[in-house]
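First up is the structure itself, then whatever we jot down about it.
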Amino acid sequence: VLNGRSQEADTAYRFRLTKNYDRIASRNDTKILLNALQVPGVINLKMIPGYYGIGTSAAVVLGADYEASNALVAGVQAQLNALSIPGLNVVAVSAIKVQVDFELLIGTTKSLTTTAQRQFETEVRRITKAFLRSIQIGGTLSLTELETALKERTNVSIRIGRRQGGVQKVFKKVYLRRGSATGLSSEREQLIVNSLSLEASEFLDLGTIDFSYE
């Protein structure tokens, strides 16, 4: 070719290619989701590209409360194996449960009877569990927001934590345990900051709460 001009600039062509890839990926995700929903018990699926490297994707199986049994994951994997997606290896996995254990130091405006204390602790556990489960998979936990929720929603006027060096310590200690919804959990690790950003496949649940009063 001795003369003439390009019908399309290189930058425009590259942009059009990237948009076409996005359309293909979107169609693949929709196809995978529709097939996964055929498995009884599957409520949703979360796709994580590049989970095991280039050309792979994780399909995080979400049942009730983000949990999925081994049978549910196997059922989704069987559906995925029946699909033909060139250049993409999709692996069904269960979401990772992050259980949070708390050590609370409670200060009340009045002394509590044994019955009132038991009811108060039940209420705190209920509020804390609901707060943790309201956080989306891959979301962020804020201990400050949890403290506010406990103070606003309990029937007893409370002060959580201990004042140390002029700073109100929200919780005595907070620990995390990670594991599959149906498997063993890891060793506890202490959360030393006031917030926690979850990985894309992680969700929160309540572990234990130890109460002490002053």
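Quick note: the coordinates plus some simple rules give every number you see, no bench work behind them. None of these values were measured; they are calculated from a predicted model. In this analysis, Cβ positions are derived from the backbone assuming ideal geometry, glycine residues included, and neighbour counts consider all displayed protein chains.
Over 26 Å between C-alpha atoms is what I'm after, so list which of LYS46/LYS172; LYS31/LYS129; LYS151/LYS172 land there.
Long pairs (Cα-Cα over 26 Å): LYS46/LYS172; LYS31/LYS129.
Would you mind classifying segment 26-68 by shape? Square roots of the alpha carbon gyration tensor eigenvalues, ordered a ≥ b ≥ c; an a/c under 1.5 is rounded, otherwise it is prolate if a/b is larger than b/c and oblate if not.
Here segment 26-68 falls in the oblate category.
Rounded to whole Å and sorted largest first, list the principal axis extents of the Cα atoms in segment 70-118.
Result for segment 70-118: principal-axis Cα extents of 67, 20, 12 Å.
So if I place +1 on the C-beta of Lys and Arg and -1 on the C-beta of Asp and Glu, and nothing else carries charge, what would the dipole magnitude of segment 47-143 be about its Cα centre? I want it in debye, nearest 20.
220
When the label point is put 7 Å from the Cα of GLN117 along its Cα-to-beta-carbon vector, which residues of segment 194-214 have a backbone N closer than 17 Å?
209-214
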